[in-house]
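Inspection log for the structure reproduced underneath, given as structure tokens.
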Amino acid sequence: MKKSWFALLGAVGLLGCSSADQPQSSIDTTLVQTDVCCESLVTLPWTPLELNESLEFSINHNSPVWDFKTHKSYFSAFKFNQRAGNVELTIRSVMAQGEVLQPLVALLDVNYNVVKTIKSSEFDVRFSDAFAKNRYEKQLSLDATKTPYFIIYADSSRLGEKVVVPHPAKLRAEKNGDPLPIVTDPSYFISTNGFIHIDVESKSLSGVNNQNRAVVRSQARKLSVLPETQSYYHTSIEKAVQAGEIPKALSLLDEAKALGIEGAQEVFVKAVNAK
Amino acid sequence: MKKVSVIAAAVAATLAAGSALAEDKVNQGWQVNGYGHLLYNVGQSLDVDETWHHRRDYRAAGAAFSGNPNQVEFTVTRGDNYESGAWSKYVLKTEYGNNEGGNGRGFYTSSSGNEGHLETGQLEFKEAYVELGDLSYFTDGLSIWAGKRYLNRQSGIITKEFWKQSSGVGGGIQYNDMGIAVVSADAGEGSCVTTNGAAEDYSTSCKNTKLDSDGSSTTMTSVDFYYYGVEALGGRFDFDAKVMSRTNVDESNSAKDGLGLAITYSRDFYGFDGWSLTGITYGKGIAGTKGVNFGQWNGDWDKDDESIFITSYGVANVTDNLQLGTEVTYWDLSNDTKGNVWSSEGGLSRLFVGLTPSYKVNDNFRMEAVLTYAQESIGNASDWGRQSADTDFYTATLAPVFTVNADYWGRPQIKPYVTYMTSSEDSYKWSKGASDSDETRFGIEAEIWF
């Protein structure tokens with residue numbers, strides 16, 4: 001109920017060009033120079049999640065890089081558990097060590113198409129208390145069967161800008177009816193690096209429809225295989241069958257199918273019949 | 001200059017106020033916040049009349065004038081947002097070590113146990129209430145609350161004395177920025193007031209010191225009407241009216257009714273960068289405590305006591321590193337029927353002026369000073385045994401403030417200080433048994449917020 005008073009106070013709160021050094025990572029030139037990690041979204045390093053899990057990790061120069069249409073960014077990619085149906089996903093980007101990552105979240109469908117991007121402006125700011133630091137936080141209710149994949153990465157539109165949050169003494173004063181004390185508000189630089197905390201809670205389960213998944217897999221993995229690779233597999237399968245190494249031949253056949261190499265099945269059958 | 005985005009307390013205020021703007025109306029889930037205040041007066045612990053009473057009576061202010069050597073506060077809050085748009089909030093605030101009142105005394109303890117009995121500063125519940133908002137059959141923006149709380153509090157930035165609140169047990173309805181509340185408080189303190197710490201009668205609870213002859217409570221009640229947030233004159237106006245009453249008292253001995261009115265004006269620092277708040281209040285009868293400061297301390301007024309209270313305080317951002325806090329407060333008490341207040345003929349008035357410059361040397365270090373001047377004017381010097389009807393009080397405090405940057409849990413702060421205090425009245429002693437009317441104290445204050 002003291003909204004407009006505090007908007008006023010916030011606007012004239014303690015700002016200042018800080019003499020503190022800006023952390024190197026907030027304007028990370030190495031990011032610009034780093035190549036993207038992977039050929040396509042399909043081959044991103046997807047971290048599989050449990051049905052219910054809590055993870056804390058950093059996104060920094062050790063993370064892989066991808067070119068999201070507007071900019072390049074370090075990222076972390078996740079896949080919900082196969083058995084998950086409706087999930088509640090909480091994503092927090094923690095303000096710590098003078099910097100914070102403004103998060104963007106891309107939700108992908110079963111075919112690795114980005115169907116929704118959650119902007120950093122949709123995240124709430126939550127202030128610190130006894131158990132948690134200042135952070136951006138968002139809770140999402142998702143259908144993991146429709147959007148089984150998501151990527152967390154950085155919004156770099158305001159890199160280097162400072163985010164100032166009220167000192168906890170000011171938050172206490174507001175709740176207590178005390179006047180705002182003269183204290184220095186903590187500030188954080190918007191950075192390509194950050195500390196992320198995710199919580200997954202599966203509210204319902206889903207069975208896996210094997211047929212659908214097989215179809216999806218073959219459709220998704222339409223790589224353009226080199227001719228040399230195709231002939232390598234065909235030759236290797238033939239040789240393995242001729243040498244009587246059937247398990248090896250079957251293994252090669254599986255690999256070839258996974259890569260979408262055509263004709264491998266026929267080569268195997270022909271070689272077996274020829275024996 | 002780098003662009004800065006300020007995530008102000010406005011965000012928290014919006015979320016807490018149940019505004020329809022935010023998707024989540026209250027912070028979802030549990031939250032635990034706390035505060036610690038530790039004060040060491042070098043070499044000697046001090047009684048409340050050597051510390052807090054000087055500040056309570058608007059004669060002095062600064063770190064030395066706190067009655068609490070160790071005070072710890074925990075607040076547990078739970079917020080829930082429901083799919084229908086409704087929200088609920090439970091607040092539980094506990095405090096230990098508040099000795100400012102009753103038989104309070106600063107007492108430096110070791111860890112042997114048995115710290116206190118029949119006295120102030122025990123583990124107490126400051127607030128315990130439930131609030132529900134935007135229920136499906138309410139209009140948007142309507143909330144109801146019930147429990148124990150201090151409603152609509154305001155205090156001065158230098159004196160740190162509350163001049164507006166309704167502190168007690170009750171309930172209320174709020175619609176956006178306006179509301180009605182009924183709050184009750186029993187007069188006096190819960191702690192015992194006897195000589196030398198012994199209770200007069202061990203079978204009688206010390207909470208029963210203000211009962212009537214039948215043993216009934218003489219509870220005071222304030223019905224608050226408030227309307228906040230009227231934008232005008234470059235700022236914001238808030239209006240309060242409190243109608244007070246008391247059961248089971250004889251009007252010839254104690255006030256049975258009271259009326260308090262207040263207008264509060266908030267804006268920037270009088271046209272400069274910063275913030276300021278100005279309040280003007282009127283009170284009569286029970287509302288004699290600064291008009292709109294209602295709580296268990298309102299029990300000693302006479303029915304014709306009248307109070308006029310004016311306060312204006314704020315913080316100016318002078319430069320990027322220098323801020324200046326100021327406070328001017330004036331409180332006049334009179335009683336035209338009785339002709340005196342507290343034996344001072346024609347009543348009395350208190351004027352307080354304070355300045356607190358704070359210079360930020362770097363993110364971890366500030367230099368702070370608190371300078372205060374006060375004048376207390378009574379009817380005749382002889383009414384209170386003074387040399388002159390007008391008495392001046394001066395204090396000056398200087399303190400380096402050691403604090404830490406953003407990542408330290410609790411953002412603790414340590415502040416060694418030196419305070420000099422003096423007055424124009426030879427017989428006014430700042431400490432018991434003092435020989436002079438001026439005194440210097442050294443101490444260390446530490447605070448932590450989380």
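The values are calculated or read from the model by the stated rules, or taken from the named source; none is laboratory data. Predicted model only: the values in this text are computed from it and were never measured. Note: ideal-geometry Cβ built from the backbone for every residue, glycine included; neighbour counts use all protein chains shown.
Below is a table of values for the structure above.
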read-out	value
Condition met for residue B:107 (closer than 27 Å to residue B:414 by Cα and either of a type in the set (Gly, Ala, Ser) or surrounded by 20 or more Cβ atoms within 10 Å (Cβ to Cβ) (or both))	no
Residues within region B:309-360 that are of a type outside the set (S, T, N, Q), more than 14 Å from chain A (Cβ to nearest Cβ), surrounded by fewer than 19 Cβ atoms within 10 Å (Cβ to Cβ) and farther than 16 Å from residue B:59 by Cα, tallied	6
Tally of residues being of a type in the set (S, T, N, Q), within 14 Å of chain A (Cβ to nearest Cβ) and in contact with a helix residue (DSSP H, G or I) (Cβ under 9 Å, 6 or more places away or on another chain) across region B:241-280	1
Condition check for residue B:230: β-branched (Val, Ile, Thr) and modelled with pLDDT of 95 or more	yes
Qualifying positions in region A:186-199 - touching a strand residue (DSSP E or B) at 6+ places or on another chain (Cβ under 7 Å), facing chain B (nearest Cβ under 8 Å) and not small (Gly, Ala, Ser)	A:188
The listed residue being at pLDDT below 90, surrounded by fewer than 19 Cβ atoms within 10 Å (Cβ to Cβ) and at the interface with chain B (Cβ under 7 Å from one of its Cβ atoms), out of A:177, A:207	A:177
Members of region A:49-74 found to be surrounded by fewer than 17 Cβ atoms within 10 Å (Cβ to Cβ), closer than 13 Å to residue A:195 by Cα and of a type outside the set (S, T, N, Q), listed by number	A:55, A:56, A:57, A:61
Residues located in region B:287-308, provided they are touching a residue at least 24 places away in the same chain (Cβ under 8 Å) and buried (at least 23 other Cβ atoms within 10 Å of the Cβ)	B:287, B:288, B:290, B:291, B:292, B:293, B:294, B:298, B:301, B:305, B:307
Residue within region A:88-98 that is of a type outside the set (A, V, I, L, M) and touching a Leu at 6+ places or on another chain (Cβ under 6 Å) present	yes
Residues that are in contact with an Asp or Glu (Cβ under 8 Å, 6 or more places away or on another chain) and over 20 Å from residue A:39 (Cα atoms), drawn from region A:220-269	A:233, A:267
Where a residue in region B:409-438 is within 14 Å of another protein chain (Cβ to nearest Cβ) and farther than 16 Å from residue B:59 by Cβ and its partner, wherever it lies, is in a loop (DSSP other than H, G, I, E, B) and not small (Gly, Ala, Ser), with Cβ under 6 Å and at least six apart	B:410/B:450
Given (1) in contact with a helix residue (DSSP H, G or I) (Cβ under 9 Å, 6 or more places away or on another chain); (2) part of a strand (DSSP E or B), number of the condition residue A:110 does not satisfy	(2)
Residue under evaluation residue B:143, criteria (1) more than 25 Å from residue B:290 (Cα to Cα); (2) in a loop (DSSP other than H, G, I, E, B); (3) in contact (Cβ under 8 Å) with a residue 60 or more places away in the chain, criterion not met	(2)
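Matching residues to (1) without any contact (Cβ under 8 Å) to a residue 12 or more places away in the chain; (2) farther than 26 Å from residue A:131 by Cα; (3) surrounded by 18 or more Cβ atoms within 10 Å (Cβ to Cβ):
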| residue | (1), (2), (3) |
| --- | --- |
| B:41 | no, yes, yes |
| B:50 | no, yes, yes |
| B:64 | no, yes, yes |
| B:68 | no, yes, yes |
| B:72 | no, no, no |
| B:79 | no, no, yes |
| B:93 | no, no, yes |
| B:101 | no, yes, yes |
